[in-house]
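Starting off with a structure, shown below.
The values are calculated or read from the model by the stated rules, or taken from the named source; none is laboratory data. Here the structure is a predicted model, which is why all the values come from computation and not from measurement. Here the Cβ positions follow ideal geometry from the backbone for every residue, glycine too, while neighbour counts run over all protein chains shown. Ligands, DNA and RNA are stripped out before the accessible areas are found, and what is left, the full protein with its side chains, is counted by its heavy atoms. Shrake-Rupley method; radii C 1.70, N 1.55, O 1.52, S 1.80 Å.
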Amino acid sequence: IKRNAFRVLATLAFAAAPAFANMIIVNNFSFELPLVSPLATSCGVGCSYEVAAIQDWGGTAVSRGRLEPGTTAGWFTSLSAGPTSAWANDGIISQTVGATVGVGTVYTLLVSIGYRYNSVPAGFSGSADLLIGGAACATCTSGWVTLPPARGGWADFQVNYTGTLLDQNKTIAIELRNTDTTGTYQGNFDNVRLDAAVPEPASFLLIGSALLALKAF
């Protein structure tokens, strides 16, 4: 009997775990697809880029660059997630994910944003946000996880949103945005991640149901 009880408790643990956090699939999250090396145009040793549609992404700015491991070529002094990243001289790069808004669910978007080493004048203009039901997210909060990227490097930008009853079942879209409208600076993006944390009451409901079943057993 004790052995069966432990099995029930183990089942409870596995059932409750997904209630705390769930990764939402972002297709081509690091812009490696399609796997082409080098890309169409050379930008130095180990460096190439293309101005073309990015697989699984849309928007008004669809371009990507590739930096072979071990090279810098004036773009970056390090790589983020794989050798290929997306860039936008203006406009946005966007993707609507498969999940929809759940009431009370906490959504966390993380995007690695880069600062090109050879940017002249020095500066960058990458940012990220969420669209809820095709509209700007009025209740989202955003900011750098630690510090903005240093010249030639990358840093994580975070956007937080909690689903409301008004937004229930609405679509969720990721936008990677170049905030500079003058065309002076470039936005560089990589390693896009979106997580959803189910509200605690749902987790407690799972635990309570399992405990009741265990007691009945």
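What value does segment 79-206 have for Rg/Rh, both radii from Cα atoms and Rh as Kirkwood defines it?
On the Cα set of segment 79-206, Rg over Rh gives 1.03.
Could you tell me the accessible area of Ile92 in Å² (1.4 Å probe, neighbours in place), rounded to the nearest ten?
The value for Ile92 is about 30 Å².
Probe radius 1.4 Å, ligands and nucleic acids left out: which of Tyr49, Tyr161 has the largest accessible area, and how do the rest follow? Mind dumping the intermediate values first?
Working: Tyr49 70, Tyr161 5 Å².
So the residues, ranked largest to smallest area, are Tyr49, Tyr161.
Return the inverse of the average 1/r over all pairs of distinct C-alpha atoms in segment 16-99, which is the Kirkwood hydrodynamic radius, in Å to one decimal. Mind dumping the intermediate values first?
Numbers: mean 1/r = 0.0709 Å⁻¹.
Answer for segment 16-99: a Kirkwood hydrodynamic radius of 14.1 Å.
From the P(r) of segment 106-176, can you give the percent of Cα pairs sitting at distances over 20 Å? The partial results should precede the final answer.
Values: 915 of 2485 pairs.
Looking at segment 106-176, the distances longer than 20 Å represent 37 percent of pairs.
Using the Karplus equation 6.51 cos²θ - 1.76 cosθ + 1.60 (θ = phi - 60°), what ³J(HN,Hα) coupling, rounded to whole Hz, does each residue of segment 112-123 give in order, writing x for Gly and Pro?
Those phi angles translate into 7, 10, x, 10, 4, 5, 9, 5, 10, x, 4, x Hz.
Roughly how compact is segment 71-113, stated as its Cα Rg over 2.2 N^0.38 Å to two decimals? Mind showing how you got there, number by number?
Values: Rg = 15.3 Å, N = 43, 2.2 N^0.38 = 9.2 Å.
Here the Cα radius of gyration is 1.67 times the empirical estimate.
Something else about it: Between Ala150 and Asp56, how many nm apart are label points set 7 Å from Cα along the C-beta direction?
Between Ala150 and Asp56, the simple spin-label model gives 3.1 nm.
Order the following by accessible area, largest value first: Trp154, Trp57. Probe radius 1.4 Å; ligands, DNA and RNA are ignored. Show your work: numbers first, answer last.
Values: Trp154 55, Trp57 20 Å².
Result of the area sort, largest leading: Trp154, Trp57.
While we're here: Pull out a ≥ b ≥ c, the square roots of the eigenvalues of the alpha-carbon gyration tensor of segment 16-160, then state rounded if a/c is under 1.5, prolate if not and a/b is larger than b/c, and oblate in the remaining case. Spell out each step's value before the answer.
Values: a/c = 1.91, a/b = 1.66, b/c = 1.15.
Since a/c reaches 1.5 and a/b is larger than b/c, the shape of segment 16-160 is classed as prolate.
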